[in-house]
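Written out below as structure tokens is the structure these notes cover.
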Amino acid sequence: MISVALKMLLRDKGKYFGIVMGVTLASMVITQQGSIFVGIMTRTFALISDMGDTDIWVMEPKVQFIDDTKPLQDTALNRVRGVPGVAHAAPLYKGILRVRLESGEFQNCNIIGIDDATLTGGPPEMIEGRIEDLRRADAVIVDIIGATTRLARRGPDGAPVPLAVGDTMELNDRRGVVVGISRNTRPFQSQPMIYTTFSRATQYAPRERKQLTFILVKADAGQNVQDVCDRIARETGLAAYTRDQFKSMTVSYFINNTGIPINFGIAVSLGFIIGSVITGFMFYSFTADNLRYFGTLKAMGTSDGTLLRMIMTQAMVVGVVGFGLGTGAASWFGASMSGTPLAFRLTWELLFVAGTAVVVICLISAMLSMRRVITLEPAVVFKG
Amino acid sequence: MTASARRAVQGLSVAVRCRQVVKTYGSGQSAVRALRGVDLDVHTGELLMLVGPSGCGKTTLISVIAGVLDRDGGECSVLGQDYAAMRPDQKTAFRARHVGFVFQAFNLIPTLTIAENVSVPLLINGVPRKQAVEQAREMLSQVGIGDRWRDVPARLSGGQQQRVAIARALIHKPKLLVCDEPTSALDHVTGQRVMELLRGVASRHDLSLVVVTHDQRIFEFADRVAEMDDGHIERISAGKGHTHAESPHRGFDAPPKNEHPLNPHAPQGSNEPNPEHRS
């Protein structure tokens, strides 16, 4: 009888298309909007991701997320280095400075000052030049997105000319020379990323009593990273988090303190609701149109259990097809937007959520229809 | 009446036995008593037509006989089984195995081919799909439309669709066939052919047929005609398919002419049913 159910569904092309479109719409909106949300949230901890060698981030205890800079005393670095289990600790400066370009235009940029000696915390990938070039006088490394967009100058024909190795800029009245172009994870903030050494960054930055933003720690081999975090916190009074903990903190901050999740939540909810309504209505309408035939099958001796399995099979088929089309469309959208500023990250967790939503939509639709069929008196077939 | 039907009646083989069957729809002041104590026997191999004005209870009665509607009172056994003693799943299984249905509007599933439609009762009874479709094609050949097995119902004429419905009703070899206005959607000639088909099938398979109809032109195919009015059987008379009057209580061979089939004690020429069997 399952084959009968499938033929009833698949050969009623208009209804089948309508039901599948409902599920497709729901799964596409949920997946696409969810992927953009996850993409944006991923960008909030882009700098943490790019510093993959760092086991532990040490910071002032009041810091809530990566862009919440509350500087430490310089002495904190040595105190952390003295904690057992710490193999290596490097200073990191993070701040925003106004950069004056050769054209005379100004642009706010993220300045990352990395350890002068070890260059720990540098960009994850160099497109041009080497990280070691930072040891040259006034050297800075600029990320490719910044170099080709906000830091690009206008050519004679008005077209943007990307910032290149050898170009210069002014950072707080001090000279900077581009020695390399890096490729970074695109950050949540859209300002260009400029890497330089810690000491040079603190010279660029307006003078403050405290200028150490974070301390990047590598734990000794074999050490439990969480134990080392606890030890640093206990012995220095500073906050110390593993890389994943700091990412979670950052994401939590944005979720709890910005309207981003609400906006995307509304979009996802609308996708779910609209998809449910369309699917539910179409599926119910499909069942209602076939009620005479379900009644006939019932009169001819089809059990309620078999009828339920038939309806569930129909719901599952539209669910699977709609989910495939919806997530496929969302994936295609994401792939087609690759390389653009659009944040898009499709994870298996998101697919699971979309799949669960589709299951719920199909179950609701099937339940409405099942109720109608189960309560149907088989004698109705004689009523014309 | 066919030879098999005659033999069955001679042996007092009763396929359906209803006594004082009562069915009421609704309750209180809005209650409608659709059946007010119906007495009726349908013999094995017999084609019985149930006639009467609209609202007289014909559809309710065949619904009760077919096991798709529960009665409120009285007794009704079909093929020796009482639906009231069955669980719902047993009743469903009984219908699947022993009862065939022919509907006024054919009720063929429009998205299935006619072979697939005809195979449905076999699928319900657990026959593998391929085998079921093969048997359906054979059955379609028997009803004269074997070459159309790939078509969907919409491409067939009304008469052809009713032939498909009959093939579907017969494919699982039921013992009882319940037909609701099988010719009302057909023209006269087609209706006659459909009834000839049903008549022939009944004679070949010892099948008991209960046919609800308003179409007097097909009365000639009936072994007996039961006239209903106001929820009970008013009269049962021999149809033209019947060469003799009959009495289920006395056998079939030599009933007096004009004797009421259900009331051998009624005076000759009387059309009154047995008072014991009236509500």
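Each reported figure results from applying straightforward, stated rules to the coordinates on display, with no laboratory input. As the structure is a computational prediction, the values presented were derived from the model and not from experiment. Cβ sites come from the backbone with ideal geometry, for glycine too, and all protein chains shown count toward neighbours.
What to note about this one:
- Close amide H contacts of residue A:87 (hydrogens built in the peptide plane, cut-off under 5 Å, sequence separation of 5 or more or a different chain): A:218, A:219, A:220.
- Computed over the alpha carbons of the range B:60-188, Rg followed by Dmax gives 15.3, 47 Å.
- Partner chain coverage, peptide A:297-310 - average Cβ within 10 angstrom: 6
- Leading residue at positive end of dipole, the protein assembly as shown (Cβ point charges), from B:183, B:20, A:88: B:183
- Evaluated with a Cβ-only charge set (Lys, Arg +1; Asp, Glu -1), chain A carries a dipole of roughly 1120 debye about its Cα centre, given to the nearest 20.
- Most positive-pole-ward Cα, A:20, A:101, A:58, against dipole of the range A:1-130 from beta carbon charges: A:20
- Helical content of chain A, expressed as a calculated mean residue ellipticity at 222 nm, amounts to -16500 deg cm²/dmol (DSSP H runs of 4 or more residues, -39,500 (n - 2.57) each, divided by residue number, nearest 500).
- HN-Hα J in Hz across the range A:152-157 - Karplus 6.51, -1.76, 1.60, θ = phi - 60°, x for Gly and Pro: 6, 9, 8, x, x, 8
- Remark on the protein assembly as shown: hydrodynamic radius 31.6 angstrom, per the Kirkwood mean of 1/r across alpha carbon pairs.
- Backbone amide hydrogens, once placed in the peptide plane, bring residue B:15 within less than 5 Å of B:42, B:43, B:44, excluding anything fewer than 5 places away on its chain.
- Across peptide B:122-131, the mean count of Cβ atoms from other chains lying within 10 Å of each residue's own Cβ comes to 2.
- Per-residue mean of foreign Cβ neighbours for B:103-114 is 5 (Cβ atoms of other chains, 10 Å radius).
- Percent of beta bridges antiparallel (DSSP, the range A:73-237, rounded to nearest 5): 75
- Derived scalar couplings between HN and Hα for the range B:151-166 equal 6, 8, x, 4, 8, 10, 6, x, x, 5, 5, 5, 4, 4, 4, 5 Hz in order, rounded to whole Hz, by the Karplus curve 6.51 cos²θ - 1.76 cosθ + 1.60 (θ = phi - 60°), x for Gly and Pro.
- Chain A: relative contact order in percent, alpha carbon pairs under 8 Å with at least 6 residues between: 31
- Above-threshold pairs, the threshold being 32 Å between Cα atoms, out of B:58/B:91; A:15/B:23; A:7/B:175; A:15/B:130: A:15/B:23
- Each DSSP beta bridge with both residues in the range A:106-180 is either parallel or antiparallel, and the antiparallel ones are about 65%.
- Sum of side-chain charges, residue B:159 neighbourhood, beta-carbon under 11 Å (Lys, Arg +1; Asp, Glu -1): +1
- Tensor-based shape of chain A (alpha-carbon gyration tensor, a/c under 1.5 rounded, otherwise prolate or oblate): prolate
- Ranked by how many other beta carbons lie within 10 Å on average, peptides B:82-91, A:345-354 from highest: A:345-354, B:82-91
- Secondary structure note: in the protein assembly as shown, about 70% of the DSSP beta bridges are antiparallel.
- The residues packed around residue A:41, meaning those with a beta-carbon under 15 Å from its beta-carbon, carry a net charge of +1 if Lys and Arg are +1 and Asp and Glu are -1.
- The relative contact order of the range A:39-145, computed from alpha carbon pairs under 8 Å that lie at least 6 residues apart in sequence, is 17 percent.
- Net +/- balance of residues flanking residue A:176 in space, Cβ distance below 12 Å, scoring K and R +1, D and E -1: 0
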